[in-house]
1. Looking only at residues that are under 11 Å from Leu13 (Cβ atoms) and aromatic (Phe, Trp, Tyr) in the range 39-52, which one is least open to solvent (accessible area, probe 1.4 Å)?
2. I'd like to know if the range 105-116 contains one or more residues that are at pLDDT 90 or above and either within 14 Å of the chain's Cα centre (by Cα) or in a strand (DSSP E or B) (or both).
3. Could you run through the range 168-203 and say how many residues are closer than 12 Å to Leu144 by Cβ and either aliphatic (A, V, I, L, M) or touching a residue at least 60 places away in the same chain (Cβ under 8 Å) (or both)?
4. Determine whether Val204 is of a type outside the set (D, E, K, R) and open to solvent by less than 80 Å² (accessible area, probe 1.4 Å).
5. Considering only residues that are at positive phi and without any contact (Cβ under 8 Å) to a residue 40 or more places away in the chain, which ones fall in the range 138-162?
6. What number of residues within the range 148-191 are of a type outside the set (Ser, Thr, Tyr) and assigned to a helix (DSSP H, G or I)?
7. Which is buried (at least 18 other Cβ atoms within 10 Å of the Cβ) and closer than 16 Å to Asn84 by Cβ, of Leu134, Leu144?
8. Please indicate, with yes or no, whether at least one residue in the range 46-53 is within 20 Å of the chain's Cα centre (by Cα) and in a loop (DSSP other than H, G, I, E, B).
Amino acid sequence: MTTEMIIELVGYLGSLIVLVSFLMSSVVRLRIVNAVGGLIFAIYAIIIHSYPTALMNFCLIGINIYYLIRLTHSTRHYSLLEGNLLDAYLQYFLQYYREDIRVYFPEAPLHQPEKHGIDRAYLVCSDAVPVGLLLGKSKEEGTLEICVDYSTPEYRDCSVGAYLYDKLSSQGIQRLTFPFASQNHEGYLKKMGFEKENGVYTKVLEGGNGNARISSARK
């Protein structure tokens with residue numbers, strides 16, 4: 001393989017990574033992958049002496065880094081609402097994100113969940129806009145079996161889950177279980193501190209009080 005071919009392959013690789021980045025549903029992941037692709041393409045542009053192209057890509061890298069810093073350091077204000085499974089808006093949320101929810105929770109009973117033993121529904125809102133949903137079944141004292149723990153694509157930086165679990169622990173939930181983790185969701189569970197026990201992912205919440213009753217959520 002000649003040097004010219006290697007240089008061309010570097011250019012194609014950079015272009016491919018930039019294109020792939022736009023397929024990412026997570027904004028954070030999109031920015032990171034796009035910046036990596038831009039860096040590779042900028043190096044290629046310098047090698048072939050296309051300095052305007054290199055400058056443009058370095059500017060794009062800077063923009064990506066700027067927004068990544070904003071995303072990772074911004075303080076998001078969440079509120080937690082305990083919903084009724086028959087609420088019209090909760091049903092609308094389920095319907096609107098149904099296909100995306102199915103990617104992560106293919107076995108979740110999204111149609112009439114109350115008929116499948118699901119008796120808890122929580123919505124996480126950011127500035128009054130729902131960005132997360134948890135559906136679960138109350139088990140023995142202090143345990144909640146999760147069926148759906150979903151965040152909208154723009155909020156998949158684990159901050160929704162961290163806020164949600166903190167609120168649940170303050171309401172008396174000591175333990176979360178997740179029996180049907182898909183491959184698309186396993187990474188998130190591990191990142192959030194779930195441990196696999198006999199095929200079931202389990203997380204013990206800090207500050208939970210097993211004798212407390214699950215109450216309506218507050219901000």
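The values are calculated or read from the model by the stated rules, or taken from the named source; none is laboratory data. Keep in mind it's a predicted model, so treat the numbers as computed, not measured. Note that we place each Cβ from the backbone using ideal geometry, even for glycine, and neighbour counts take in every protein chain shown. Calculation scope for accessible area: heavy atoms of the full protein, side chains included, ligands and nucleic acids excluded. Shrake-Rupley method; radii C 1.70, N 1.55, O 1.52, S 1.80 Å.
1. It comes out as Tyr44.
2. yes
3. Going through the range 168-203 one residue at a time, the tally reaches 3.
4. Working: of a type outside the set (D, E, K, R): yes; open to solvent by less than 80 Å² (accessible area, probe 1.4 Å): no.
Answer is no for this residue.
5. If we filter the range 138-162 for residues that are at positive phi, which is where we start, we get 142, 158.
Matches in the range 138-162: Cys158 only.
6. 17
7. On the way: Leu144 fails: closer than 16 Å to Asn84 by Cβ.
Within the list Leu134, Leu144, the selection yields Leu134.
8. The initial filter retains those residues of the range 46-53 that are within 20 Å of the chain's Cα centre (by Cα), namely none.
No, because not a single residue in the range 46-53 is within 20 Å of the chain's Cα centre (by Cα) and in a loop (DSSP other than H, G, I, E, B).
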